[in-house]
Structures are given as C-alpha cells and as structure tokens.
Amino acid sequence: MNPVVIELIGITASALVLISFLMKGERKIRLVNIVGAIIFIAYGIMLKSVSVTVMNVGLVIVHIYYLTKKKK
C-alpha cells in the first residue's frame, strides 16, 4: 500500500482520538475513541506494528467494557 495513504490513515486515527478528548459526555468520548482505536488497529496492521495493534485492541476492549457496564 502507498506509504502516503498509510500515513493519512494514522493521521485520521490520531485526529479522532484527539477530537474525542475535546468532547463532552463519557459515552460520546468513548465511542469516538473506539472509532479512532479501530482505525489505529488497521494502521498498526499495515505497519506490521504489534505494539500499536495490541495497545489499540486493548483500548477498544476497555471502552466497550465501560460502555456496557454503564448501561447496567
């Protein structure tokens, strides 16, 4: 894949994570952050970076856990 496209995917993921911290409401923050983390997972896979991929898989799991815990 084109390195420029891969870098744009990483920038998009970073922007989403940053935007999520500027939002109000825990649910919105977590949902936008999940989308950013999922894009980071794809980015990590494209770079063959285990650390980026594993950390963002962990973040998605944590966010989903707290979103489902809040509903109960």
Within segment 11-43, which residues are among the polar types (S, T, N, Q) and either in contact with an Asp or Glu (Cβ under 7 Å, 6 or more places away or on another chain) or surrounded by 18 or more Cβ atoms within 10 Å (Cβ to Cβ) (or both)?
-> 20, 33
Answer from 6, 41 - the residue that is of a type in the set (A, V, I, L, M, F, W, C), over 27 Å from residue 68 (Cβ atoms), touching a residue at least 12 places away in the same chain (Cβ under 8 Å) and part of a helix (DSSP H, G or I) = 6
Kindly establish whether residue 46 is out of contact with any strand residue (DSSP E or B) (no Cβ under 7 Å at 6 or more places or on another chain), in a loop (DSSP other than H, G, I, E, B) and either buried (at least 16 other Cβ atoms within 10 Å of the Cβ) or in contact (Cβ under 8 Å) with a residue 40 or more places away in the chain (or both).
-> no
Among 67, 59, which is the only one that is surrounded by 13 or more Cβ atoms within 10 Å (Cβ to Cβ) and modelled with pLDDT under 95?
-> 67
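The values are calculated or read from the model by the stated rules, or taken from the named source; none is laboratory data. Please read these numbers as outputs of a predicted model, since none were measured by experiment. Cβ: placed from backbone, ideal geometry, glycine included. Neighbour counts: every protein chain shown.
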